[in-house]
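The values are calculated or read from the model by the stated rules, or taken from the named source; none is laboratory data. Nothing here was measured: the structure is a model prediction, and the numbers come from that model. With ideal geometry, Cβ positions are generated from the backbone for all residues, glycine too; neighbour counts draw on all protein chains shown. When the accessible area is computed, the model is the full protein with side chains, heavy atoms only, and any ligands, DNA or RNA have been set aside. Shrake-Rupley method; radii C 1.70, N 1.55, O 1.52, S 1.80 Å.
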Amino acid sequence: MKWIFLETVLVVLLLAPCAQAISTWYVDDDRPDDTGSGTGWSTAFQTIQAAVDAASPGDTVVVKDGLYNIGNRVAPDQVLCGNRVVVDKDITVQSLNGAAVTTIRGAGPRGDSAVRGVWMTDGATLDGFTVENGFTAQLGGALKDDDGGGVFCSSLASQIKNCVITGNSARYGGGIHSGTLTNCTLSGNSASYGGGSYYSSLENCTLSDNSAQSGGASYFGTLDDCVLSNNSASSGGGSHSGTLHNCTLSLNTASYAGGGAYYGILDNCILSGNSATSFGGGAYYGTLNNCLLTGNSAVSFGGGSYSSAMNNCTLTENMASASGGARNGTLKNCIIYNNGGGNVSGGTLSMCYTNNPLFVDAANSNFRLSLSSPCANAGLNAFAPALANDLDGNARIVNGTVDIGAYEYQGGDLHFITVTTGGHGNISPSGLVNVLAGSDRIFTFAPNPFYQVGDVRTNGTSLGLAGVSSFTWQNIQADGTLVVDFEALATQNNVPLWWLAQYGWTDNFDVAALSDTDHDGYAAWEEYVMGADPTDPLSNLDLRGSAVGNAARLNFTTVAGRMYTIETTDSLGVGSWREYMSFGGIGGEVGINCYNLVSNLFFRVRVDLIQ
């Protein structure tokens, strides 16, 4: 009979471990109940609410993949509407692996038995969840029990990041009421006012297929760098009474007026393909600066806009029964050209242009001014909006006099830089960026938390610029490409900071990597190497073995990015270890068969990071 000794060895320098106190609570919906301590995955709570109740201000709640649809608690100062989760203290509630696999689900329909998704107090943060099927009471009044079907925030001081808010319903804010949202998606929500959001602040968000009586995507609030598409309402299919900067509003519909936007202020926005049954396919009674309105339509008047104040805007290829470009309103330094049903009627026009402005390539929707455009240097500076940049982000006034329209001709030829990244961060500007020939362009980099710029490449050539926050491409003379690679920050022994952060460490990372918080004999860095959970003493390489005759079989779990070396020896006392085989990890369990063994052998597995 062959005896097999199994040992897991990690060949990396081990320093003395140092424990670190952390304020992190754990939730796993596969747990049977909430009787665990919640201080590790093996003792995790079953519900998010139990972890929130146990936490203190400043703590973090980490939630494992799953569907969380248990619990019904009434929030402070509300009496009618239950909530799946009430976050009533200044803490962070974050998912382990993101919104695609972590869902908080409320219950409907609206009424006395409705359950909202999440209620949040000032300073609370929700990060990386799908919040769906949340509903509110029918009546709320001053207590706001009928606000925020998916998420209710007591003010803009509540933070919602990297979340998907979908299929929720309320009177005010079907998706969310108040709060500050970053990198979120709001879709398929409904309300009387603000199908997606109500009185919220949104940045880099997508709002689609939401519906309301007023403000299909949003009502009031501020939106920066957002996309609003395929939303619907009676008034304001996209936005109602909001302030929008650098947003795109497309294919939104209004059964009355303001297919794209109703009232509100829009700076440097694109409104395309929106429609209204009566007035203002693109915009109705709003103030628009440096905006492009194209392909919008209205059955009655103002395919592009109706009774709006417009400064340095371009209205082209819109359509209506009459006044396809604009009806009424005050227009200054605007291009109004090639609109079906007539360019404009009524209102007051100052320094506007209705003849062919000689766009660069109107057939392909490039409505920038060409070299010979009569609109270049033809506007009045006093009418220009108080914005430093045009719709492209270039200087609003060049050569002393503002141009007519949304785009400022920069002089000379334009070159186009294709700007991309492999993920884990953002670049501004990005996509297809136009640059004046011979000019410089600054690109700013925003890595995700615990990442930095690893490399910057122009036209395929590395510039060796690791760790920088920006790059200035000087004297651009041709089209080109800019690619930025973001890399994970790591401790001195190569443990990624993001990996430690997901288990609750937020500072002192080098100390954290050396700690053994689950007391299983392995430091956190060792658990990273072998792909284990540093908070769970039962999580390890799980090395197992069996012997039959002159053969042996080893089973253990592997992780991608590691090299596994199986070694053998005849004797632990005096024998030397010999390499039997090596292979790269595949991200799952492997079984290794060892044949024709002629003596009793001891086995061990060494795990190394592949650098």
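Considering every residue within region 434-444, establish whether at least one is surrounded by 15 or more Cβ atoms within 10 Å (Cβ to Cβ), out of contact with any Phe, Trp or Tyr (no Cβ under 8 Å at 6 or more places or on another chain) and either among the hydroxyl-bearing types (Ser, Thr, Tyr) or outside any strand (DSSP E or B) (or both).
Yes, region 434-444 contains a residue that is surrounded by 15 or more Cβ atoms within 10 Å (Cβ to Cβ), out of contact with any Phe, Trp or Tyr (no Cβ under 8 Å at 6 or more places or on another chain) and either among the hydroxyl-bearing types (Ser, Thr, Tyr) or outside any strand (DSSP E or B) (or both).
Considering only residues that are under 24 Å from the mean Cα position of the chain (by Cα) and either closer than 16 Å to Ser321 by Cα or surrounded by fewer than 24 Cβ atoms within 10 Å (Cβ to Cβ) (or both), which ones fall in region 269-294?
Answer for region 269-294, where residues must be under 24 Å from the mean Cα position of the chain (by Cα) and either closer than 16 Å to Ser321 by Cα or surrounded by fewer than 24 Cβ atoms within 10 Å (Cβ to Cβ) (or both): Ile270, Ser272.
Pull up region 299-319, narrow it to residues that are part of a strand (DSSP E or B) and open to solvent by less than 10 Å² (accessible area, probe 1.4 Å), then point me to the one that is nearest to Asn394 (Cα to Cα).
Thr314
Can you say whether Ala524 is closer than 30 Å to Asn426 by Cβ, crowded, with 23+ Cβ neighbours inside 10 Å and touching a Leu at 6+ places or on another chain (Cβ under 9 Å), as far as the supplied structure shows?
Yes.
Is there a residue being of a type outside the set (Phe, Trp, Tyr), farther than 30 Å from Thr60 by Cα and open to solvent by less than 60 Å² (accessible area, probe 1.4 Å) anywhere in region 424-431?
Yes - at least one qualifying residue is present in region 424-431.
I'm checking my understanding of the structure. Among residues of region 466-494 that are open to solvent by less than 50 Å² (accessible area, probe 1.4 Å) and over 24 Å from the mean Cα position of the chain (by Cα), which one is nearest to Ile442 (Cα to Cα)?
Trp473
Tell me whether region 80-91 contains one or more residues that are part of a strand (DSSP E or B) and open to solvent by 20 Å² or more (accessible area, probe 1.4 Å).
yes
Hey, among the residues in region 406-420 that are open to solvent by less than 40 Å² (accessible area, probe 1.4 Å) and of a type outside the set (Gly, Ala, Ser), which one's farthest from Asn475 (Cα to Cα)?
Step by step, filter region 406-420, then rank; the result is Tyr407.
Within region 338-352, which residues are over 13 Å from Met319 (Cβ atoms) and in contact with a Phe, Trp or Tyr (Cβ under 7 Å, 6 or more places away or on another chain)?
Once the filter is applied, which keeps residues that are over 13 Å from Met319 (Cβ atoms) and in contact with a Phe, Trp or Tyr (Cβ under 7 Å, 6 or more places away or on another chain), region 338-352 yields Ser350, Met351.
Please go through (1) under 20 Å from Asp608 (Cβ atoms); (2) under 36 Å from the mean Cα position of the chain (by Cα) for Thr535 and return the number of the only condition it doesn't satisfy.
For Thr535, the failing item is (1).
When the residues of region 244-267 are filtered to those that are assigned to a loop (DSSP other than H, G, I, E, B) and buried (at least 24 other Cβ atoms within 10 Å of the Cβ), which remaining residue is farthest from the chain's Cα centre (by Cα)? Write out each step before concluding.
Taking region 244-267 as the starting set, the residues that turn out to be assigned to a loop (DSSP other than H, G, I, E, B) are 246-247, 251-252, 258-260, 263-264.
This time we only want the ones that are buried (at least 24 other Cβ atoms within 10 Å of the Cβ), so: 247, 252, 258-260, 264.
Working: Cys247: 15, Asn252: 22, Gly258: 28, Gly259: 26, Gly260: 23, Gly264: 25 Å.
Residue satisfying both the conditions and the ranking: Gly258.
Would you check if there is a residue in region 428-451 being modelled with pLDDT of 90 or more, of a type in the set (A, V, I, L, M) and more than 30 Å from the chain's Cα centre (by Cα)?
Within region 428-451 (the criterion being modelled with pLDDT of 90 or more, of a type in the set (A, V, I, L, M) and more than 30 Å from the chain's Cα centre (by Cα)), the answer is no, since none of the residues qualifies.
I want to confirm something. Restricting to region 404-422 and keeping residues that are touching a Phe, Trp or Tyr at 6+ places or on another chain (Cβ under 9 Å), modelled with pLDDT of 90 or more and part of a loop (DSSP other than H, G, I, E, B), which single residue is farthest from Ser373 (Cα to Cα)?
Ala406
Only one residue in Leu15, Leu67 is among the hydrophobic types (A, V, I, L, M, F, W, C), surrounded by fewer than 15 Cβ atoms within 10 Å (Cβ to Cβ) and at pLDDT 95 or above, so which one is that?
Among Leu15, Leu67, only Leu67 is among the hydrophobic types (A, V, I, L, M, F, W, C), surrounded by fewer than 15 Cβ atoms within 10 Å (Cβ to Cβ) and at pLDDT 95 or above.
Does Ser345 satisfy the condition of being open to solvent by 30 Å² or more (accessible area, probe 1.4 Å), among the small types (Gly, Ala, Ser) and closer than 30 Å to Ile442 by Cβ?
no
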